Amino acid sequence: TNEALVQSYILGTHGSLPNIDYSAMGALLSEDFAFSNEEQHHDKATLLGAIFPGWASIVDGKSTSRIHAVIGSTEGDTVLAHWETDYDVREGSVWYGTDVDISGKKVRGFQVFANFTVKDGKITKITQRSDTVTKHLGIEKEVNAYRNRA
């Protein structure tokens, strides 16, 4: 079902850090796949080749995800999902593209809401809204200051 496909994506990405099976996750996504979250927009290659590996590189131990809802729509190609992810940050980690130290931080209850479009057994689009990670980690001011210096 479309709902099972979405659940596999959530557990295989957010719930499998840092050991994502990129081949299996890639098989769930269409070739013209599109991801968006606020101002971020990524295609399949970027999500699997840069975004998830970058995230996986900072995870210490294994992430856990709690799926609260995965609901198909009456239209048939839309699935709505809500989940939370927890993980610990590996020592020596810095926030992406900055020098802001995030070593040893603990992320708990990172909330994600997403609208998945599924066609012909593949996820073609994810429109996601989630907590702001920099706020969640308590580093928003430091990251903004770094970016203003750059």
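The values are calculated or read from the model by the stated rules, or taken from the named source; none is laboratory data. Owing to the predicted nature of the structure, the values given are computational and were not obtained by experimental measurement. Counting neighbours? That spans all protein chains shown, and the Cβs are built from the backbone with ideal geometry, glycine included. Protein only, heavy atoms only, side chains kept; ligands, DNA and RNA dropped before computing areas. Shrake-Rupley method; radii C 1.70, N 1.55, O 1.52, S 1.80 Å.
With charges only on Cβ, +1 for K and R and -1 for D and E, what is the dipole size of the range 7-150 about its Cα centre, in debye, rounded to 20?
Value, rounded to 20: 220 debye.
Considering only the other residues whose Cβ falls under 14 Å of the Cβ of Arg90, what net charge follows from Lys and Arg at +1 and Asp and Glu at -1?
-1
Show Glu142, Glu75, Glu3 ordered by accessible area, largest first, where the area counts protein heavy atoms only and the probe is 1.4 Å.
Output order, biggest surface exposure first: Glu75, Glu142, Glu3.
Note the full-extension length gain between Ile67 and Arg108 as 0.36 nm times their separation in residues minus their Cα-Cα distance, in nm to one decimal. Write down the numbers at each step before the final one.
On the way: separation 41, 0.36 × 41 = 14.76 nm, distance 1.39 nm.
Result for the pair: 13.4 nm of gain on full extension.
Rounded to a whole number, what % of the accessible area of the range 2-148 do carbon and sulfur atoms account for, probe 1.4 Å?
Values: 3700 of 7420 Å².
On the range 2-148, the fraction of accessible area on carbon and sulfur atoms equals 50 percent.
Relative to the longest principal Cα axis of the chain, at what angle does helix 140-149 sit, 0 to 90 degrees, rounded to 10?
For 140-149 against the chain, the angle is about 70 degrees.
Would you mind checking which residues have amide H under 5 Å from Phe33's amide H? H placed 1.01 Å from N; only 5 or more apart, or other chain.
The list, which skips near neighbours in sequence, is Lys44.
Just from its helices, what would the mean residue ellipticity at 222 nm be for the chain, if runs of 4 or more DSSP H residues each count -39500 (n - 2.57) and the sum is divided by every residue, rounded to the nearest 500 deg cm²/dmol? Don't jump to the answer; show the numbers that get you there.
Details: 5 runs with 38 residues, N = 150.
It comes out at -6500 deg cm²/dmol, rounded to the nearest 500.
Pairs of lysine in the chain with Cα under 19 Å and at least 8 positions apart or on different chains: total?
So the count of such lysine pairs works out to 9.
Rg and Dmax of the chain, using alpha carbons, in Å: what are they?
15.6, 49
Using DSSP, restrict attention to beta bridges with both residues in the chain and report what percent are antiparallel, rounded to the nearest 5.
Of those bridges, close to 85 percent are antiparallel.
What's the FRET efficiency of Arg149 with Gln128 using the Cβ-Cβ distance as r and R₀ = 22 Å, to the nearest 0.05?
The formula returns an efficiency of 0.15 here.
From Cα pairs below 8 angstrom and at least 6 apart in sequence, can you work out the relative contact order of the range 2-148, rounded to a whole percent?
24 percent
Restricting to Cα atoms and excluding each atom paired with itself, what does the Kirkwood estimate give for the range 97-150 in Å?
Taking every pair of different Cα atoms in the range 97-150, averaging 1/r and inverting gives 13.6 Å.
Could you tell me which of Leu80, Gly104, Val143 has its Cα farthest along the dipole of the range 66-150 towards the positive end, charges placed at Cβ (Lys, Arg +1; Asp, Glu -1), taken about the Cα centre?
Working it through, the farthest residue towards the positive pole turns out to be Val143.
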